[in-house]
Every structure is written in C-alpha cells, then in structure tokens.
Amino acid sequence: MLKQYNVPVAPRMPSPYNLLLATIPKSGTNLLRVSLFNYLCHINGDLREKTCDHMVQAFPNNFNSYLEKRARAAEDTLLPPGCLDFIYGHKVGPLKRRRLPFVGPVVLVARNPLDYIVSSKFYFFLNRGIEIDNAGVIRSRLPPFIAKYLKMLSLVDEEHALLLSYEDLFENPSKTLAKVAEHYGLPVDHGLLELAAKHGSIRAAREFENKYGQMHIGTERKRETVSVSRSVPFVCDGRIGQ
C-alpha cells in the first residue's frame with residue numbers, strides 16, 4: 001500500500017527503487033513526466049491538477065544532477081532514503097553502465113524517425129530562421145537519433161526496459177500511461193489514469209512554457225539557456241510532425 005507523507009507538494013512514497021525515464025529529445029519527455037507525477041499524486045488521494053511547477057519541485061533531478069548531488073552529498077536536494085524518486089534524462093549511457101546508485105524499472109520513449117526529422121526541422125532550424133533542406137536535416141539529426149535508439153533497444157533486452165513511442169503517448173495517453181504504471185509496479189486505476197492524462201496534457205506543458213518563456217528540461221542548466229525565445233516554442237501543439 002502506498003502511503004502519503006506530510007509534504008506540501010509531492011507524495012513521499014516508500015519504495016525499494018526509483019523510477020527511471022530515458023527519452024530521445026522532442027519525444028514527449030515533459031508530457032510523460034507531468035502525467036506520471038499527476039498519477040502518483042492521484043493514487044495517493046490528491047486529485048487536484050499538478051503543474052510542471054509542482055513536478056519540478058517534487059522531482060527536480062535528472063541523471064546528471066542526481067549523480068552530481070550524490071557525489072557532493074547534497075542530501076538536502078534528494079529525497080529521504082527509501083522514498084520513491086523519479087529521475088529522467090536523455091542519456092542512455094548511465095543506465096547501460098549502471099552508474100546510477102539504485103536499481104529500478106526503466107521506461108524509454110522514442111519517436112518515429114520520420115516524425116522526429118520533421119519536428120527537428122521546425123524546432124532546430126526553421127523556427128530559428130535557419131534555412132535547410134530535408135537532406136541537411138537528415139545528415140544533422142538522424143545519426144545521433146539512430147545511435148541513441150540502438151542503445152535503447154539493447155536496454156530492452158538487458159534491463160527489461162519498456163520502450164514506448166511518442167505517437168502512442170500523444171494519441172492514446174491514458175492507455176500508454178497505464179503501461180508505464182504497470183511497468184513501474186504502481187497500482188493501475190483507469191479512472192485516475194484518465195484524469196492524470198488530462199492534467200498532464202500538451203496544454204499544461206505549453207502553459208508552463210508561456211509562463212516562464214522557456215521549458216524547464218534540466219535543473220543543472222539555467223532556464224534562459226533552454227529555449228531561444230518565445231518565438232521558438234519548445235512545445236508546439238503536440239501534433240505528429242511537430
């Protein structure tokens with residue numbers, strides 16, 4: 001039975017492991033993080049909508065910041081021992097080399113490569129005023145995508161990781177979130193999953209970006225370095241091909 005602790009934002013749940021999420025950029029990282037955070041709160045009895053603000057306060061650490069803080073023994077920014085933490089990142093290497101000082105279920109999110117190329121063309125080039133043809137985008141963005149995706153496939157075999165697609169997350173959010181909950185060993189409540197998917201929508205992520213002007217994607221990086229400007233949105237409307 002999961003237990004809620006007396007904290008202002010996040011449920012502090014006893015757990016023998018942490019939840020790990022590794023994604024390819026532009027593959028719904030924050031969409032899944034906010035949806036899952038809402039679900040963790042909902043199954044602990046808090047049905048109020050939780051925003052990206054709440055999520056960042058509750059689970060601020062990505063792979064890099066977690067390792068850095070562990071090395072500095074900065075325990076004030078880590079959850080108490082034995083409590084569930086949700087740690088994310090775009091790097092797959094730390095999971096393969098077992099650099100992270102815990103063992104836990106791994107969820108991976110990738111994207112259809114053609115859809116990724118289209119999204120990358122808009123975000124990395126056209127929205128920044130950089131003219132480029134499709135061949136140029138493919139040469140620039142496809143090799144790192146393939147390298148990371150191959151590492152993800154190896155994790156599916158070696159670590160029994162769950163590999164999801166952004167397209168499924170966008171088109172069937174509650175069903176995909178149910179797969180994540182089951183893989184993480186969380187209770188599966190379909191009504192609460194529907195509510196969490198609604199609270200973790202593209203709209204919620206976009207509202208956070210509009211509020212700050214940038215998307216918060218790494219606590220060790222300054223917010224102003226994450227996104228170029230309001231004219232280059234990190235979160236569009238989430239459609240396939242953006």
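Out of the residues in the range 8-29 that are of a type in the set (G, A, S) and surrounded by 20 or more Cβ atoms within 10 Å (Cβ to Cβ), state the one that is modelled with the lowest pLDDT. Outline the logic, then answer.
From the range 8-29, those of a type in the set (G, A, S) are 10, 15, 22, 27-28; that's our starting set.
Going one step further and asking which of them are surrounded by 20 or more Cβ atoms within 10 Å (Cβ to Cβ), we end up with 10, 22, 27-28.
Details: A10: 47, A22: 90, S27: 90, G28: 86.
Top of the filtered list is A10.
Please verify whether V34 is surrounded by 15 or more Cβ atoms within 10 Å (Cβ to Cβ) and at pLDDT 85 or above, treating the condition exactly as stated. Yes: the conditions hold for V34. Looking only at residues that are among the aliphatic types (A, V, I, L, M) and more than 16 Å from L195 (Cβ to Cβ) in the range 158-178, which one is surrounded by the fewest Cβ atoms within 10 Å (Cβ to Cβ)? Ranking the candidates gives L163 first.
Could you check, for the range 124-137, whether at least one of its residues is assigned to a helix (DSSP H, G or I), within 25 Å of L95 (Cβ to Cβ) and not β-branched (V, I, T)? Write out each step before concluding.
Within the range 124-137, the first condition is being assigned to a helix (DSSP H, G or I), and the residues that meet it are 124-128, 134-137.
With the extra rule that they be within 25 Å of L95 (Cβ to Cβ), the set shrinks to none.
No, the range 124-137 contains no residue that is assigned to a helix (DSSP H, G or I), within 25 Å of L95 (Cβ to Cβ) and not β-branched (V, I, T).
For first residues located in the range 183-206 and at pLDDT 80 or above, partners that are among the aromatic types (F, W, Y) and buried (at least 19 other Cβ atoms within 10 Å of the Cβ) and lie 6+ apart or on another chain with Cβ distances below 7 Å form the pairs L192/Y39; L193/Y39; A196/Y39. Summed over the range 42-63, residues that are out of contact with any Pro (no Cβ under 9 Å at 6 or more places or on another chain) and modelled with pLDDT under 75 total 2.
Taking the stated definitions as given, is G213 at pLDDT 55 or above, surrounded by fewer than 19 Cβ atoms within 10 Å (Cβ to Cβ) and out of contact with any strand residue (DSSP E or B) (no Cβ under 6 Å at 6 or more places or on another chain)? Steps first, answer last, please.
Values: at pLDDT 55 or above: no; surrounded by fewer than 19 Cβ atoms within 10 Å (Cβ to Cβ): yes; out of contact with any strand residue (DSSP E or B) (no Cβ under 6 Å at 6 or more places or on another chain): yes.
Considered against the rule, which asks whether it is at pLDDT 55 or above, surrounded by fewer than 19 Cβ atoms within 10 Å (Cβ to Cβ) and out of contact with any strand residue (DSSP E or B) (no Cβ under 6 Å at 6 or more places or on another chain), G213 comes out as no.
Give the residue that is nearest to A22 (Cα to Cα), with candidates limited to residues of the range 160-192 that are part of a helix (DSSP H, G or I) and of a type in the set (S, T, N, Q). Break it down stepwise before answering.
Quick first cut of the range 160-192, residues part of a helix (DSSP H, G or I) only: 166-171, 173-184, 190-192.
Checking which are of a type in the set (S, T, N, Q) leaves us with 174, 176.
On the way: S174: 19, T176: 16 Å.
Out of the qualifying residues, it is T176.
Of everything in the range 76-119 that is over 19 Å from the mean Cα position of the chain (by Cα) and at pLDDT 90 or above, the residue that is surrounded by the fewest Cβ atoms within 10 Å (Cβ to Cβ) is L114.
The values are calculated or read from the model by the stated rules, or taken from the named source; none is laboratory data. Keep in mind that this is a model prediction, so the values were computed, not measured. As a convention, Cβ positions derive from the backbone with ideal geometry for all residues, glycine included, and neighbour counts pool all protein chains shown.
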